[in-house]
1. Please order I74, I161, I189 by the number of other Cβ within 10 Å, starting at the fewest.
2. Starting from 0 in steps of 10 Å, tell me what percent of the Cα-Cα pairs of the stretch 217-262 lands in each bin.
3. Scan the stretch 64-115 for trypsin sites (Lys or Arg not before Pro) in coil per DSSP, keeping those whose Cβ has at most 15 other Cβ atoms within 10 Å, and list them by number.
4. Which ³J(HN,Hα) values in Hz, rounded to whole numbers, follow from the phi angles of the stretch 230-237 under the Karplus curve 6.51 cos²θ - 1.76 cosθ + 1.60, where θ = phi - 60° and Gly and Pro get x?
5. What is the set of long-range amide H partners of F253 at a cut-off below 5 Å, with H atoms built 1.01 Å from backbone N?
6. With only Lys, Arg, Asp and Glu charged, each at its Cβ (+1 for the first two, -1 for the last two), find how big the charge dipole of the stretch 149-298 is about the Cα centre; round to the nearest 20 debye.
7. From the phi of every residue in the stretch 55-62, what ³J(HN,Hα) in whole Hz does the Karplus formula 6.51 cos²θ - 1.76 cosθ + 1.60 yield, where θ is phi - 60° and glycine or proline is x?
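Nothing in this text is a laboratory measurement; each read-out follows from the coordinates by a stated rule. This one's a predicted model, so the numbers in the text were calculated from it and none came from an experiment. Glycine gets a Cβ as well: all are built from the backbone with ideal geometry, and neighbour counts include every protein chain shown.
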Amino acid sequence: MQANAQQTLQGTRVGKRIIGAQSPVTVGWENVPRVEGSRAKVLFFTWFQPAVLFGMIAFWYYAPNSIAKASTAIGIGIAFKAFLLFLEWLTPRHESWKLTWKELTTDLFYVGLGYTALRMIESQIGSDAILSAIREHFDMEKLAWFTGLPLLLQAFLISFIFDFGQYWMHRGMHNWYPLWLSHSVHHYITQLNINKGAVGNPTELFLIGLGIGGMFDFLPRAALLAGAIGMSVSTYQHINVRFNTPGWWRFLFNTTEHHSVHHSLDFEGSRSNYSNTYVFIDRIFGTCVDGEAELLGMEGGRRMSIREQMTYPFTEAWKTTKEKLSRRAGAVPVADAVPAE
């Protein structure tokens, strides 16, 4: 558990913050339920995540060049998510998170959006275009020292550098109002399941996709390995399955439990666990809260329609701007407001 947690009447003290004062949040791994049942079931839900991670690393490390390409990674990613969707149906973590047709339709809309329109925009004005411009004006030989490192170290550094940037982008979204407007839509989701990471306003999905990982496309094997590490860890952030996560895993990596706290109805809980893959980044900067939450969302768990998700950042920005302008217009100078006798 992060820092020394002390129970209070209003929640749980974690460092200088009170977690769970507005909505129930379970703090501390010792208080999080575990998968029980047969020995085979416990072993499966304990070692599934590490087995997938090590299996993916081994595959991309030894795979021949004929199949070590981006299209293979996309195919594996789709198959992996399909299997996890089956696990959600078979053994849901919370009944309240069970997928409905309405939720599934919304999720598939955003998944499709990500693979079509957003991908095209990304290639034209997003990180792909930015990185292409950088590479054209950057002497790539200056990175020769990087190519001399062991392949696994290259992959770890690529994934860590990307996640470090994502941490600060995500933290900025929670601390700077203009960025929060775009990100807030994602925090209106009321359940976690395998495709919820794709749900959000397109402006946020564009911003969160910015990163320097593409700088290393000239190292295809290392970049694919880095992507495999990210997929094998961050995929579980939005999932309705309970795992008996090993202690070393939850110390190093962001888990479903961590991310459920980040999405909790509790304000202080939502301002924690910003990393995408490596939760030890949160531990370093004091923003990690170990635990879990079931009640998620904003405004008491109000669910947004797709239409509102698309327009909310803009309508809310306009509303805030009008309020500020009204306050300024109504602020009459004291000399004019009080007539002289």
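1. Details: I74 12, I161 16, I189 24.
The most exposed by this proxy come first: I74, I161, I189.
2. 24, 46, 22, 8
3. On the way: sites: K69, K81, R93, K98, K102; in loops: K69, R93, K98.
Answer in residue order: K69, K98.
4. Ordered by residue, 3J(HN,Hα) equals x, 5, 6, 10, 6, 4, 6, 4 Hz.
5. Excluding prolines and chain starts, which carry no amide H, the hits are V279.
6. Working: 7 positive and 10 negative charges, 50 e Å.
My answer is approximately 240 debye.
7. Karplus-based 3J(HN,Hα) across the stretch 55-62 equals x, 5, 4, 5, 4, 6, 6, 9 Hz.
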